[in-house]
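A short worksheet on the structure shown next.
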Amino acid sequence: MTQKRITDNLDAMMGILPPHIVERLIQLDRSEQLLEVILDLGRIPTARYTDSEVALVEQEITHDDLAHVVERIGAFDADNRAGLERTLHRISAIRNRRGHIVGLTCRVGRAVYGTTDIIQDLIESGKSLLLLGRPGVGKTTMLREAARILAEKKRVVIVDTSNEIGGDGDVPHPAVGRARRMQVAKPSLQHEVMIEAVENHNPEVIVIDEIGRELEAEAARTIAERGVQLIGTAHGNTLENLLINPTLSDLVGGIESVTLSDEEARRRSTQKTVLERRSPPTFDVLIEIQTRERLAVHRDVSEAVDSLLRGYPQPPEIRFLDERGQVHIEQAARQAQGAPANHKGLRRQNTGAPEASQYAPESLSSAASPAPDAAPSRPSRRQPVRIYPYGVARNRLEQAARRLGVPVTIVHNADEAEALLTLRAYYRKRQQPVVDAEQRGVPVYVLRANTINQMQQFLADVFNLSADEVPVEDSVEPILQETHAAIQAVLNGERSIELPPATAYVRRLQHQLARDANLTSHSYGKDPYRRVRIFRD
């Protein structure tokens, strides 16, 4: 466990405050817990600590007190924030209708080395991480430390909108290590700087603080599709908060209302309007910062969102620090209403087949399984598997088995099955064959759609097939040929060409082809109409 080391440059903050306020702060002698000093015109100045708020002096703040501070700090940007050169402190202004400053929030910025030990394995995993938490809980501090750690081995670029990560001035604070920092002239231009960072500076990791606008969410998705690791923050306490936020819900895949036909609604025994996840999430892992020493981790955002929309959200993994600074991890007891005690979601793998972006089966082992996280036992490739397809087209399942050359026996009696294969709608409604299979300890696999490609992915998982053994969907080749033709046209003089809408997997291939040809490509629109445009610089 790394010993935490804190750098706060508190002397610089004291140097800009009025002398009588500084004197009182020194008397209180609680500098390690100090968060903010509040100076509002005509009111008593207060200091906010980690556990309380204290009135400093009985003397009300005057225009002279505010001017004393403003004269000693840098210029305020368009977002009414200023800082101190080579420090992490932030001074935010409140203005009246005429633009005059009538209040100041002087926040103490600290570089805390060792604060990311609790999630260092996630940071170094290469997955994109989104940090959620209320203001002041330590999101930016953790983000800064993550940038420093990753910069020791990777090319890291920080998009610093308000100079909170790298500090005020042209030279970044030492707390960001070797990471490079790009400042943003106006907060409204943050999304453009995010794209510029990827196009001009060849980063492996992009660090972003306070994603708060729709354009920034779209830029984050474009960056993720190019294979760059993202580490960002957003305001909000839980995944549920983010999911119902219309501006930021795209970060976790978004939701859309789907209207079913009368026949389909009757077949599902559900309402005609249901909620579905709109697209793959931009961030792979979501971390809810509950306190500075306690986090809730959703390791698979897509699975967490799907479970939430199904009506029985899966509890997150809990991580916390004890009094000695040791990290403790409590694995989520993945039990939900009507679901088996043990649940292991098969994570989507980019196997080279386009259906990988569409197939997200859930392997549901029964309560009789020997270990909570144990996956259903998988037979050897030579051993036939007896599968009972419930609501799944048997002829398509047979065709998928023939394509892969695996021995599958389709049984007509669920009691004879070694595995049950069904669709998401049937599993959600807890149909009787599904419940019976779980009670007997038979693994249940859930498909999103009744397609051969998803059945192939299911069989590939059951028989432990490698990516090379799973055939690529026939429909992808024409799309890639069209992409090659578009690239050639741009190389021959066309300014830009927009390709038809495609899945996230296909868009990644299109971006890669454009990059190999030294061309620029962006993604536009929202799924299922999101598309790639290729153009010259």
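The values are calculated or read from the model by the stated rules, or taken from the named source; none is laboratory data. Here the structure is a predicted model, which means the values were calculated and not measured. Quick reminder, even Gly has a Cβ in these numbers, built from the backbone with ideal geometry, and neighbours come from all protein chains shown.
In segment 436-452, how many residues are touching a residue at least 40 places away in the same chain (Cβ under 8 Å) and part of a helix (DSSP H, G or I)?
The initial filter retains those residues of segment 436-452 that are touching a residue at least 40 places away in the same chain (Cβ under 8 Å), namely 437-452.
Then keep just the ones that are part of a helix (DSSP H, G or I); that gives 437-440, 452.
Residues in segment 436-452 being touching a residue at least 40 places away in the same chain (Cβ under 8 Å) and part of a helix (DSSP H, G or I): 5 in total.
Name the single residue, out of those in segment 63-93 being charged (D, E, K, R) and not in a strand (DSSP E or B), that is farthest from residue 144 (Cα to Cα).
So in segment 63-93, the residues charged (D, E, K, R) come out as 64-65, 71-72, 77, 79, 81, 85-86, 90.
Filter again for not in a strand (DSSP E or B), leaving 64-65, 71-72, 77, 79, 86.
Details: 64: 35, 65: 32, 71: 28, 72: 25, 77: 21, 79: 21, 86: 14 Å.
That would be 64.
Is at least one residue of segment 80-97 at pLDDT 90 or above and on the phi > 0 side of the Ramachandran plot?
Checking segment 80-97: at least one residue is at pLDDT 90 or above and on the phi > 0 side of the Ramachandran plot.
Of everything in segment 204-263 that's more than 30 Å from residue 515 (Cα to Cα) and assigned to a loop (DSSP other than H, G, I, E, B), which residue is modelled with the lowest pLDDT?
Once the filter is applied, the top-ranked residue is 260.
Only one of these is in contact (Cβ under 8 Å) with a residue 40 or more places away in the chain and more than 23 Å from residue 536 (Cα to Cα): 184, 205. Name it.
Going through 184, 205 in turn, the sole match is 205.
Can you name the residue in segment 29-60 that is touching a Lys or Arg at 6+ places or on another chain (Cβ under 7 Å) and more than 21 Å from residue 12 (Cβ to Cβ) and, of all such residues, is surrounded by the most Cβ atoms within 10 Å (Cβ to Cβ)?
Of segment 29-60, the ones touching a Lys or Arg at 6+ places or on another chain (Cβ under 7 Å) are 35-36, 38, 49, 56-57, 60.
Now restrict to residues that are more than 21 Å from residue 12 (Cβ to Cβ): 57, 60.
Numbers: 57: 14, 60: 12.
Taking the candidates together, the pick is 57.
Residue 332: farther than 19 Å from residue 447 by Cβ, modelled with pLDDT under 80 and not charged (D, E, K, R), yes or no?
Values: farther than 19 Å from residue 447 by Cβ: yes; modelled with pLDDT under 80: yes; not charged (D, E, K, R): yes.
So residue 332 passes the test.
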